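S.K.: Here you go, one structure.
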């Protein structure tokens with residue numbers, strides 16, 4: 001479940017870019033649908049965070065708190081970004097219904113906001129990975145022994 005928003009926004013972004021490159025209204029509209037679905041699925045994904053954190057703390061009590069807290073804070077920003085893109089996609093789908101072309105300004109606006117949303121999700125995912133996967137955490141090098 002945690003990967004759905006990340007891959008959903010990437011997939012929607014790829015479709016939007018493809019639709020823009022090929023000047024295909026159908027592909028651009030499909031990207032809007034993907035952004036709407038991703039926005040809907042982002043909320044339950046976000047809500048799984050606290051139970052997952054509790055379970056992780058029970059299983060791995062040495063997990064650093066600051067990494068999990070930073071992940072949680074960034075996840076809120078990513079959620080807001082994904083929900084905003086999803087609502088914008090819904091509004092555009094309603095306002096520019098089938099038969100009407102999506103205006104260039106609207107497509108570019110969705111593109112910019114989707115890039116921001118994707119970046120926020122990638123940042124969130126990276127931080128989430130560091131919570132559980134100790135091998136990717138930044139670790140301070142061991143201090144050299146003194147007295148030599």
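Only the coordinates and a few stated rules stand behind these numbers; no lab work does. Since we're looking at a predicted model, the values are computed, not measured.
S.K.: Which whole-number percentage describes the relative contact order of the range 4-131, with Cα contacts under 8 Å and a sequence gap of 6 or more?
M.R.: Taking the mean separation of contacting Cα pairs over the length of the range 4-131, I get 35 percent.
S.K.: Tell me the Kirkwood radius of the range 4-131: reciprocal of the mean inverse pair distance over distinct alpha-carbon atoms, in Å.
M.R.: Roughly 15.3 Å, rounded to one decimal.
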